[in-house]
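The values are calculated or read from the model by the stated rules, or taken from the named source; none is laboratory data. What you are looking at is a predicted structure, and each value in this text was computed from that prediction instead of being measured. FYI the Cβ positions are ideal-geometry reconstructions off the backbone, even for glycines, and counts take in every protein chain you see. Side chains are part of the model used for accessible areas, which takes the heavy atoms of the whole protein and leaves out ligands, DNA and RNA. Shrake-Rupley method; radii C 1.70, N 1.55, O 1.52, S 1.80 Å.
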Amino acid sequence: MNVPPPVAATAAPATTTAPPVSPASPASTAVPAPAASQAPILLSGPDVGPLEEEFVLAAMRSGWIAPAGPDLDAFEAEVAQRVGVGHAVGLSTGTAALHLGLLGLGVRPGDVVLTCTFTFAATVNAILYCGARPVFVDCDPETGTMDPELLEITLRDLQTGWESVGAIIPVDLFGKAADYTRIVPLARAHGVPILADAAEALGAEHAGVPAGAWGEAAAVSFNGNKIMTTSGGGMLLTDDAGLAARARHLSAQARQPVAHYEHCEVGYNYRLSNLLAALGRAQLRRLDEMIARRRAIRRRYEELFAEVPGTRILGAAGADSHDNAWLTPLVVDPSATGWDAHQLGAWLARDAIETRPLWKPMHLQPVYASAQAEVTGAAQRLFEHGLALPSGSVLSDADVARVLERIEEFLDAAR
Ligand SMILES: *Cc1c(COP(=O)(O)O)cnc(C)c1O
């Protein structure tokens, strides 16, 4: 697909003066492309083109300009089928899916909810929206996902102390599912339900089961930088019909099914709009192609860094063939390389190539500083020595070549 991500914001007005857009004439042709050497290369820009245009336009012309409609129903059914769960509830964000997932599992104010410290703040905010108390568990340094052994110790200590543990939220980080093979039996043994944060992991699998199908419920995100996007959106996935119905009810202001507006509890306005669902349906049709592209880009990085002692791709090590390769996280041991991840990031930034540090652990965030944290230092080390490399499926071969060239130059200069 050929929509230049960096000019997305300015592309919209330009297209309004262009001839009517049809699937055969992508809007991108109306947008003047910046000089190739100047064009910023984004970490993970949206990958949309003619198919998405066609779907959104059709939805618009159908008249369903509302947070309801046939595209939303179809999108929910298609994602549920893709992931292999009974029910899917389309929501305005992945964060909303986490929030309603926790409420649906019965998490109450004062409950403890365990999650991995190596994640994005949304996971923790959803816990706090419920009035629950987050407890952070560190990650496995090899994969970046929740450390099952530490989880077990923490669970045991909390339950020995008569704490009410309402849920566990493992996080499928950078498109790698958490180690559910070990986490699910632990959760069962302790009688605690799992809400999987699969926001980054649609299309990934663990032990032959898709991300989003693990646990009692799971949240996925369709934010603009995720593996597929509705510009903003999310979904709650579950086999539990009651949980899905409850989330659906709460997501529409908890309105009772009567003609007048009747409410027996506090609800939320969390529904996904029908127009955005149409965009999602087009993206879902391209999901496998987009994953294949991200994986191909990751392979290029793997080949390059295989020659550089002291570097590794987080979670790769022959074990990423079932990940969706959402981002490629590089981890650098500066004592072996003589340079660190931030120097490489700064070098690439000079050429308008975007990279990002890996998630700053939640126990190091000022806002959550008072929360209990069971840590080994693994997430902190990954944060200090990690760098997410440009990974978007929208990157052209020339973009990828430019990034690889700049990295080679950096490595040559550092030698
Ligand atoms: C993106 C993300 C979310 C939140 O999704 P939104 O759709 O942006 O609300 C939650 N958890 C993780 C790990 C994420 O990466």
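Summary table
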quantity	calculated
Heavy-atom accessible surface of the chain: percent carbon and sulfur, 1.4 Å	56
For segment 102-227, projected area of the alpha-carbon convex hull averaged over all directions, nm²	7.0
Helical contribution to [θ] at 222 nm, DSSP H n ≥ 4, -39,500 (n - 2.57), averaged over the chain, rounded to 500	-12000 deg cm²/dmol
Förster-model FRET efficiency, 41 Å R0, residue 260 and residue 60, C-beta, rounded to 0.05	0.85
Chain lengthening between residue 292 and residue 142 when straightened (0.36 nm per residue, less Cα-Cα)	51.7 nm
Computed over segment 44-113, Kirkwood Rh from alpha-carbon pairs, angstrom	14.8
Amide hydrogen neighbours beyond the local backbone of residue 112, cut-off 5 Å, H modeled	133, 164, 165, 166
Probe 1.4 Å, protein heavy atoms only - accessible area per residue of the chain in square angstrom	42
Accessible-area value, residue 405, 1.4 Å probe, nucleic acids and ligands omitted, Å²	100
Principal axis box of segment 32-180, alpha-carbon based, largest edge first, Å	61, 43, 27
Summed residue charge, Cβ within 15 Å of residue 364's Cβ, Lys/Arg positive, Asp/Glu negative	-1
Radius of gyration, Dmax [the chain; alpha carbons; angstrom]	21.8, 73
Interatomic Cα distance distribution for segment 82-122, bins of 10 angstrom, percent	21, 48, 29, 1
Relative contact order, percent, segment 217-275 [alpha-carbon distance under 8 Å, six or more residues apart]	23
Computed over the chain: relative contact order in percent, which uses C-alpha pairs under 8 Å that are six or more apart	22
Burial ranking of peptide ranges 120-129, 60-69 (average Cβ count within 10 Å, highest at the top)	120-129, 60-69
Percent of C-alpha pairs per 5 Å bin, segment 235-360, short to long	2, 8, 11, 13, 13, 10, 9, 9, 8, 7, 5, 2, 1, 0
Rounded FRET efficiency, nearest 0.05, which uses the C-beta distance separating residue 335 from residue 412 and R0 of 22 Å	0.60
